[in-house]
Amino acid sequence: MDFTSIVGLIAGLGLIIFGIVYDPSSGIAMSTLINFINYPSMAITFGGAIAATLIAFPISYFKGMPKHMKIIVQKNKYNPQKYIATIVDFAQEARRKGLLSLEEKASQEEDAFLRESIMLVVDAIDPTKVKQMLENELDNLEDRHSHVWQFYEKFSTFGPAFGMIGTLIGLINMLANMDMSAEGGATKMAQGMSTALITTFYGSMLSNLVLTPLAHKLHMRHDEEMVCKEIVMEGVISIQAGDNPKHIEERLNSFLCESKRGNEKEKEKGEAASSQKKPEKGKKAS
C-alpha cells in the first residue's frame, strides 16, 4: 500500500483545522469550527461542482472513482528493472532455442501487454506491423488514461468557480437585506460577509487539497506504466531482430534515469561479491 496520499490528505486537513481553531492569545478553541460549517454553502459548492462535472462527463467516470482511489493508494506495481530483466531473459531464451520456444514462457506472464507482445513475435508477424500494432496499443492506452485525469482536473476547476458563485449569492442577499439603521446592523453585515466567503473556502479546499492532487497522482501512475510498456515494446522488437541480449539490456536501461541505473548496477555488484565470498568461507571452515 502507498499511504502517502492518505497521509497527505489527513495532514492537509489537520493543518487547516489547526489554523482555524488556534488563537495565539487564548490557545485552541474548537468552537470556532462551527463558523466554518454552513450547509447551504456546501450544497452550492460541492453540489454545483458535481452537477457541472456530470454535464461535462458521462456517469461512468463517477462510477470509476472507487477504482481510481484503489490505483492511488496501491503500491506501484510497474517496476522497470523487473521488466528489463524479463525481456533480457526472453532474449537469451530466443537466442538459445529460437523464437518459437518463447510461447510457453510467455503464457506464464501476468502482464497481458507483455504476453501479447511476445506472442506477436512467436507468430512471425512482420516487424513493421508489430511495431505499428504496439504503438497503436500504447496510443489508445494513453488516450483512455488521459480522459480519467482530465476528469479530475476539470472537476477541480468547477470547485472554486461554484465557490465564487456561492460568495456572490451570499453578498447579494446580504446587501439586499442590509439595514445599517437597525440595531445590530453592522454585526449582521459582518456575519453575512463571513457566510458569503465560506463557499470560496470550500471550493479552494476541494480543488487544491483533493481533486488536483488526485489528478496529478493518476497522471504519475500512468507515466510509470507507460515507461514499462515502452520498455516491453522496444525489447520485443529487439528480440525479433535477433539482437544480442546484452545490447538489448543496455538499450532498455536508457529508459531509466541515471540514479536508477546506478543503483541497479551497484546491487548486481553486491550480489556478485557476496556469491564470491561464500566459497572462501567454506575453505576456512574446512
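Throughout, read-outs are computed from the coordinates displayed, never taken from laboratory work. For clarity, every value in this text was computed on a predicted model and none was experimentally measured. Please note: Cβ atoms are built from the backbone with ideal geometry, for glycine as well, and neighbour counts cover all protein chains shown.
Details
- Among the residues of the stretch 56-70, the ones that are surrounded by fewer than 17 Cβ atoms within 10 Å (Cβ to Cβ) and assigned to a helix (DSSP H, G or I) come to 10 in all.
- Of the residues making up the stretch 139-167, those that are under 19 Å from Met226 (Cα atoms) and either over 29 Å from the mean Cα position of the chain (by Cα) or buried (at least 17 other Cβ atoms within 10 Å of the Cβ) (or both) are His145, Val148, Trp149.
- Only one of Thr86, Thr53 that is hydroxyl-bearing (Ser, Thr, Tyr) and either closer than 19 Å to Ser204 by Cβ or not in a helix (DSSP H, G or I) (or both): Thr53
- Any hit, the stretch 90-101, residues being touching a residue at least 60 places away in the same chain (Cβ under 8 Å), in contact with a helix residue (DSSP H, G or I) (Cβ under 9 Å, 6 or more places away or on another chain) and not in a helix (DSSP H, G or I): no
- Scanning the stretch 37-50 for residues being under 13 Å from Phe201 (Cα atoms) and surrounded by 16 or more Cβ atoms within 10 Å (Cβ to Cβ) gives a total of 5.
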